[in-house]
1. Of the residues 95, 44, which is in contact with a helix residue (DSSP H, G or I) (Cβ under 6 Å, 6 or more places away or on another chain) and closer than 27 Å to residue 13 by Cα?
2. Out of all the residues in the stretch 76-99, is one or more more than 24 Å from residue 25 (Cβ to Cβ), within 11 Å of the ligand (Cβ to nearest atom) and either touching a strand residue (DSSP E or B) at 6+ places or on another chain (Cβ under 6 Å) or at pLDDT 95 or above (or both)?
3. What do you reckon, is residue 160 more than 8 Å from the ligand (Cβ to nearest atom) and within 16 Å of residue 236 (Cβ to Cβ)?
4. Would you confirm whether any residue within the stretch 133-147 is farther than 25 Å from residue 200 by Cβ, modelled with pLDDT of 95 or more, buried (at least 20 other Cβ atoms within 10 Å of the Cβ) and touching a strand residue (DSSP E or B) at 6+ places or on another chain (Cβ under 8 Å)?
5. Just wondering, is there one or more residues in the stretch 165-186 that are in a helix (DSSP H, G or I), crowded, with 19+ Cβ neighbours inside 10 Å and without any contact (Cβ under 8 Å) to a residue 24 or more places away in the chain?
6. Quick one: which of 11, 66 is away from the ligand (no atom under 11 Å from the Cβ), touching a helix residue (DSSP H, G or I) at 6+ places or on another chain (Cβ under 8 Å) and without any contact (Cβ under 8 Å) to a residue 60 or more places away in the chain?
7. Evaluate the following for residue 42: is it within 13 Å of the ligand (Cβ to nearest atom), modelled with pLDDT of 95 or more and part of a helix (DSSP H, G or I)?
8. Evaluate the stretch 128-146: report whether one residue or more is more than 20 Å from residue 16 (Cβ to Cβ), free of Cβ contacts under 8 Å to residues at least 60 places away in the same chain and part of a helix (DSSP H, G or I).
Ligand SMILES: C[S@@+](CC[C@H](N)C(=O)[O-])C[C@H]1O[C@@H](n2cnc3c(N)ncnc32)[C@H](O)[C@@H]1O
């Protein structure tokens with residue numbers, strides 16, 4: 001059974017995920033940085049640095065949300081970044097942000113589903129996704145479509161939460177993620193389920209070697225996992 005935000009509803013995971021992010025879109029950026037104490041910003045920067053020597057010119061940011069990973073990717077000096085997401089609310093917040101920053105001529109925020117990307121094969125030099133893959137309805141389909149639209153030799157860079165395995169980080173993490181975060185998240189986001197869904201979806205996600213095996217299965221090679229901050233998150237990298 002897929003982990004979904006609203007267990008009482010009969011709609012599928014994709015619909016529920018879009019609904020949840022529409023509900024929290026206005027408070028998403030604040031909550032993200034507040035609940036992670038700003039560490040999420042450092043994780044995105046580190047992930048983007050891994051692409052520095054490749055100098056990708058055409059970049060696809062899947063599950064772009066409000067576009068924070070796309071903004072970090074500007075450090076690579078690309079010609080174009082396309083951000084796709086299934087949540088119109090998140091995209092709207094993102095578009096406003098791009099305009100305000102004066103980067104809307106480089107970052108193009110589009111409605112789009114990772115599992116059915118509307119781009120030709122071999123279109124992008126790099127594909128990136130931060131905190132998105134855990135939310136895919138069909139993980140393998142999403143990753144293999146990202147592989148399809150990459151040029152041969154192009155890289156995928158994924159950031160996703162993972163589960164620390166060692167004492168005392170494992171215990172601290174469980175306490176924070178399961179007891180503190182859902183309460184603060186619920187009060188600020190005003191969504192009953194979004195921050196209960198977060199730890200549940202992390203728990204169900206195939207992290208570490210399991211994720212590397214999936215990357216290999218859908219067509220990536222030279223796969224690698226870089227754990228971040230005691231294993232709370234991980235960067236995964238692979239090449240088409
Ligand atoms: C936690 S947010 C991450 C946003 C952004 N990447 C960041 O780093 O802050 C996850 C995003 O994934 C999007 N998403 C989930 N499933 C998707 C799919 N199948 N295709 C495209 N976007 C998807 C959600 O709508 C949401 O905006």
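The values are calculated or read from the model by the stated rules, or taken from the named source; none is laboratory data. Given the structure is predicted, the values throughout are model-derived calculations rather than measurements. Cβ placement follows ideal geometry from the backbone for every residue including glycine, while neighbour counts extend to all protein chains displayed.
1. Answer to the check: 44.
2. Scanning the stretch 76-99, I find no residue that is more than 24 Å from residue 25 (Cβ to Cβ), within 11 Å of the ligand (Cβ to nearest atom) and either touching a strand residue (DSSP E or B) at 6+ places or on another chain (Cβ under 6 Å) or at pLDDT 95 or above (or both), so the answer is no.
3. Yes, satisfied.
4. no
5. Taking every residue of the stretch 165-186 in turn, at least one turns out to be in a helix (DSSP H, G or I), crowded, with 19+ Cβ neighbours inside 10 Å and without any contact (Cβ under 8 Å) to a residue 24 or more places away in the chain.
6. Numbers: 66 fails: away from the ligand (no atom under 11 Å from the Cβ).
Going through 11, 66 in turn, just one is away from the ligand (no atom under 11 Å from the Cβ), touching a helix residue (DSSP H, G or I) at 6+ places or on another chain (Cβ under 8 Å) and without any contact (Cβ under 8 Å) to a residue 60 or more places away in the chain: 11.
7. Criteria met by residue 42.
8. Among the residues of the stretch 128-146, at least one is more than 20 Å from residue 16 (Cβ to Cβ), free of Cβ contacts under 8 Å to residues at least 60 places away in the same chain and part of a helix (DSSP H, G or I), which makes the answer yes.
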